[in-house]
Amino acid sequence: MAKDNTIQTAAEEKSKPILQFSVLCDGVAKGQGGKPVFIGIFDNFVRTGVIPQFFIANRWTYGKGKFNQKIEIKNPELDKSIAEVANQEFILQNETSPANIISGFVNVNFEKAGVHWVQIFLDDELVMSYPLPVYEQQK
């Protein structure tokens with residue numbers, strides 16, 4: 001109860017979390033104690049074309065309440081989304097319990113070389129954007 005004897009609602013208790021990390025990798029496993037283990041961390045693709053599979057692992061922490069995450073990968077001109085994972089709902093019970101969200105991407109077509117952009121949204125607000133260079137395949 002609040003000081004004036006009214007009941008606080010869950011919405012009043014909501015506090016926006018921070019994005020502790022966003023990792024591009026080939027795979028994610030659960031380690032000891034449920035810790036994420038990242039396999040094949042990378043920061044670029046060495047060829048254009050269809051990439052069969054990769055993952056983006058995000059950790060949200062230091063918040064409380066119900067939230068939605070969205071990930072978009074934009075082309076170099078930032079005018080087209082080439083891949084998207086929308087409306088991944090998660091709940092943070094308290095500020096010291098994080099949420100690890102693993103998003104899989106399958107058969108994403110990087111049609112041309114250039115710097116693509118990974119954009120991370122929380123409740124439709126852009127909270128992080130980082131480059132993902134894609135190079136021409138060397139013959």
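Throughout, read-outs are computed from the coordinates displayed, never taken from laboratory work. Only a predicted model underlies this, so the values are computations on that prediction, with no experimental measurement involved. Neighbour counts are summed over all protein chains in view; Cβ atoms, including those assigned to glycine, are modelled from backbone coordinates with ideal geometry.
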Item checked: Relative contact order (%) - the chain, alpha-carbon pairs under 8 angstrom, separation at least six -> 26
Next item on the list: Rank Thr48, Thr96, Thr61 by mean-square fluctuation in a GNM of the chain with C-alpha springs under 10 angstrom and give only the top-ranked residue.
Entry: Thr96
Next item on the list: Scan the chain and report its longest stretch carrying no chymotrypsin sites (Phe, Trp or Tyr not before Pro) that are both in a DSSP loop and have at most 14 other Cβ atoms within 10 Å.
Entry: 43-134
Next item on the list: Specify the residue with the greatest mean-square fluctuation among Val108, Val50, Val23, computed from a Gaussian network of the chain linking alpha-carbon atoms under 10 Å apart.
Entry: Val50
Margin query: Translational diffusion coefficient of the stretch 18-134 at 37 °C, 0.692 mPa s, Stokes-Einstein with Kirkwood Rh over Cα pairs, in µm²/s as a whole number.
Written below: 221
Next item on the list: Given the options Gly65, Gly33, Gly104, state which has the largest fluctuation in a GNM of the chain using a 10 Å cut-off (strictly under) for Cα springs.
Entry: Gly33
Item checked: P(r) weight above 16 Å for the stretch 82-123, C-alpha pairs, percent -> 54
Notebook entry, point to check: Applying 1/(1 + (r/R0)^6) with R0 = 25 Å to the Cβ-Cβ distance of Gln93 and Phe121, what FRET efficiency is obtained, to the nearest 0.05?
Noted result: 0.70
